[in-house]
Amino acid sequence: MLVRRMGYFSPSLSIKTSPFFSLLTKTPFPFHHLRPIHFFKPIHTKSPQTHLFSMNRKTHFTTSAAFLQESTNTKTLSSRSAKKARRDAPESVLRHQLDQCSKRGDLQEAIRLYEEAKLNNITLNVHHYNVLLYLCSSGSGTEGFGIEKGFQIFKQMGVNGVAPNEATFTSAARLAVAKQDPEMAFDLVKKMKSFGVPPKLRSYGPALFGFCEKGMADKAYEVDVHMGESGVVAEEAELSALLKVSSFSKKADKVYEMMHRLRASVRQVCEETAGVVEDWFNSEFAAEVGLQDWDVRKVKEGVVKGGGGWHGQGWLGKGNWTVVRAEMDSSGACRSCGEKLVCIDIDPKETENFANSLVKLACEREVKANFVQFQDWLQKHGPFDAVVDGANVGLITQRNFNFSQLRSVVNKLRQMSESKKLPLVILHKNRTTGGPAQHPNNKKLLESWKKAGALYATPHGSNDDWYWLYAAVSSKGLLLTNDEMRDHLFQLLGTSFFPRWKEKHQIRMTASRDDGLKLHMPPPYSIVIQESEQGCWHVPTLTGDDLEIPRQWLCATRKKALHSLFRRNGESNH
């Protein structure tokens, strides 16, 4: 019997025929340069079988048991020996040493180990090369030394016929940008597909940021288009860089496009991006750009079509922009310009899809029968106007679970509800049976909620979070919790819908001796970049919004827009 193993070889050890040489010199090369070759290894049969039929039954079982025990012991020793051999192999030792260099950022020692490995003819794999390239491209050592060594190692990797992966290309692209060559970095990304390696967002970063830093806007847009074709979505850092280079290059339409892409994917911007937006509005060129007279009907149609909060018709008005940091009042009106922000509706179909994805994830991570049972219970007793994360409310500002606090919150929510229906309280089973739950008053309270179909005790070993989130989403109701829902569980949801849903549905709570319990309702407006029908812009930042400090917004307005706004407000007052 033969076992076939597959490897790769390079027909020539010459650098000039290496695919990596082609990458670095920007000349095309065929993918079939690395082609498979097959090796064959014979596997010998076992030793002749022992004849057991001549033995009596007792001897047979004794012999068999001894044989099995000996075989098991031999396999265990063999497995341990194999593991030790693998661990002590030169390649494994080198890998461990290089990983330690990576943790310390020690390029010099990594290069010493690499040179020593070459002298000792130790075979390097893709992981070894990637660690070396990462250290060379990360600026851990002397800048020029790292770049030079990185390219030497990259070439050697090709000479040795080691197939690259995404991390290899990304590090090589960083090396290219380090030597001020974003064009080479972009060529490397474009060659990835010929190796069957799908690029990631980080793969594009060196080329995109490299072009942006050099002010090469058109080349940066090429990278952006290539990203889209590869199914890679730009995030805030990339969009901010594109916005900056567009502003620098006086490409007003591109600035407008990037503002709306930020609105769609980022919503609230970090301080660095806010600074880029401010610089645009404060520039002389921004003052010259825009329609003096615009079609009001088209703008209104754009707002309706876009779901509110933007129209997409381009810059409106002319003249200098007034740019300030502002706050919104409780109704959503800007304290600086008076413009009232809008609440952007959520598509009901999106809510339904989100609820379905929650069920799928919950059933994968919970006992499926338990969660299905909860769905059936919810179908019978729901929907609810509000859902309460009982553990979060009962423990806020408390060491021990406080049922009195929970009862007070439930009563407040019931009074606020139009239907006057009790909210659904989600508590873990332990909370409903042990500790403070044994107190007569608390027992009575829990029993009353249970009879009213307003209490659900999640089973042992379950995660309450799935239950209260699904209940609130499927009921299309409010959710009372101070949990910011940023941990790994909520990262699994991986959708832009979740932050929008939270914004419109999450109630938060503060408790103090002076003010008692205070509920903070969702804002009556959407916390997202908004473009008004008069041409005003409001950009939410990440500064503030911790219940005590109001969120800071960038407010950008023009004189004509302000006059139009004041006139409209005056008419509405009359």
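The values are calculated or read from the model by the stated rules, or taken from the named source; none is laboratory data. Just so it is clear, the model here is predicted, and its values are computed rather than measured. FYI the Cβ positions are ideal-geometry reconstructions off the backbone, even for glycines, and counts take in every protein chain you see. For accessibility, only protein heavy atoms count, side chains too; no ligands or nucleic acids. Shrake-Rupley method; radii C 1.70, N 1.55, O 1.52, S 1.80 Å.
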| Counting just the residues of the range 234-268 that are aliphatic (A, V, I, L, M) and within 20 Å of Gly210 (Cβ to Cβ), which one comes out surrounded by the fewest Cβ atoms within 10 Å (Cβ to Cβ)? | Ala237
| task | Please enumerate the residues belonging to the range 215-233 that are more than 18 Å from Arg263 (Cα to Cα) and open to solvent by 60 Å² or more (accessible area, probe 1.4 Å). | result | Met216, Asp218, Glu222, Val225, Glu229, Gly231
| field | So Leu422, is it under 20 Å from Ala472 (Cβ atoms), open to solvent by less than 20 Å² (accessible area, probe 1.4 Å) and not in a strand (DSSP E or B) | value | no
| Could you list, in sequence order, the residues of the range 142-170 that are assigned to a helix (DSSP H, G or I), open to solvent by 10 Å² or more (accessible area, probe 1.4 Å) and not aliphatic (A, V, I, L, M)? | Glu143, Gly144, Phe145, Glu148, Lys149, Phe151, Gln152, Lys155, Gln156, Glu166
| request: Starting from residues that are farther than 19 Å from Gly161 by Cβ and buried (at least 18 other Cβ atoms within 10 Å of the Cβ), keep the ones in the range 107-130 and report whichever is nearest to the chain's Cα centre (by Cα). | output: Leu107
| Is one or more of the residues making up the range 440-454 under 33 Å from the mean Cα position of the chain (by Cα), open to solvent by less than 30 Å² (accessible area, probe 1.4 Å) and within 27 Å of Met521 (Cβ to Cβ)? | no
| What number of residues in the range 399-451 are in contact with a Pro (Cβ under 9 Å, 6 or more places away or on another chain) and not hydrophobic (A, V, I, L, M, F, W, C)? | 7
| remark: Just one listed residue, out of Gln398, Gln405, is surrounded by fewer than 23 Cβ atoms within 10 Å (Cβ to Cβ) and in contact (Cβ under 8 Å) with a residue 60 or more places away in the chain, and it is Gln405
| message | Please pick out the residue among Arg431, Arg414 that is touching a Leu at 6+ places or on another chain (Cβ under 6 Å) and open to solvent by 70 Å² or more (accessible area, probe 1.4 Å). | response | Arg414
| task | Please work out which residue is nearest to Glu235 (Cα to Cα), limiting yourself to the range 469-487 and to residues that are touching a His at 6+ places or on another chain (Cβ under 9 Å) and open to solvent by less than 30 Å² (accessible area, probe 1.4 Å). | result | Val473
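Per-residue answers, yes or no, for (1) without any contact (Cβ under 8 Å) to a residue 24 or more places away in the chain; (2) touching a Gly at 6+ places or on another chain (Cβ under 8 Å); (3) closer than 18 Å to Phe211 by Cβ:
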residue: His127; (1), (2), (3): no, no, no
residue: Ala163; (1), (2), (3): no, no, no
residue: Phe169; (1), (2), (3): no, no, yes
residue: Ala178; (1), (2), (3): no, yes, yes
residue: Val189; (1), (2), (3): no, no, yes
| query | Which condition does Glu91 not pass, out of (1) at pLDDT 80 or above; (2) farther than 27 Å from Lys179 by Cα; (3) touching a helix residue (DSSP H, G or I) at 6+ places or on another chain (Cβ under 6 Å), if it passes all the others? | reply | (3)
| request: Determine if the range 399-406 includes at least one residue that is under 14 Å from Leu519 (Cα atoms) and modelled with pLDDT under 95. | output: yes
| request: Identify all residues within the range 362-390 that are without any contact (Cβ under 8 Å) to a residue 12 or more places away in the chain, loosely packed, with under 15 Cβ neighbours inside 10 Å and of a type in the set (A, V, I, L, M, F, W, C); write none if there are none. | output: Ala369, Val372
| note | Of the residues in the range 86-118, those that are closer than 15 Å to Gly146 by Cβ and not in a helix (DSSP H, G or I) come to Gly105, Asp106
| field | Filtered residues of the range 315-344 (kept if within 14 Å of Gln530 (Cα to Cα), touching a Ser or Thr at 6+ places or on another chain (Cβ under 6 Å) and open to solvent by 30 Å² or more (accessible area, probe 1.4 Å)) | value | Cys343, Ile344
| Of the residues that sit in the range 191-214 and are charged (D, E, K, R) and at pLDDT 95 or above, which one is most open to solvent (accessible area, probe 1.4 Å)? | Glu213
| message | Residues that are touching a residue at least 40 places away in the same chain (Cβ under 8 Å), more than 30 Å from Arg263 (Cα to Cα) and among the charged types (D, E, K, R): list the helices (runs of 4 or more DSSP H) wholly contained in the range 426-531 that include at least 1 such residues. | response | 429-433, 464-475
| note | Per the filter on the range 194-223, residues over 27 Å from Ala252 (Cα atoms) and either among the small types (Gly, Ala, Ser) or more than 24 Å from the chain's Cα centre (by Cα) (or both) are Ser194, Phe195, Gly196, Ser203
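Residue by residue, here is whether (1) of a type in the set (A, V, I, L, M); (2) modelled with pLDDT of 85 or more; (3) open to solvent by 50 Å² or more (accessible area, probe 1.4 Å) holds:
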{"site": "Leu489", "(1), (2), (3)": "yes, no, no"}
{"site": "Ser512", "(1), (2), (3)": "no, no, yes"}
{"site": "Asp515", "(1), (2), (3)": "no, no, yes"}
{"site": "Ile527", "(1), (2), (3)": "yes, yes, no"}
{"site": "Ser532", "(1), (2), (3)": "no, yes, no"}
{"site": "Asp545", "(1), (2), (3)": "no, no, yes"}
{"site": "Glu548", "(1), (2), (3)": "no, no, yes"}
| request: Take the range 267-293 and flag every residue that is part of a loop (DSSP other than H, G, I, E, B) and touching a residue at least 40 places away in the same chain (Cβ under 8 Å). | output: Arg267, Gln268, Cys270, Gly290
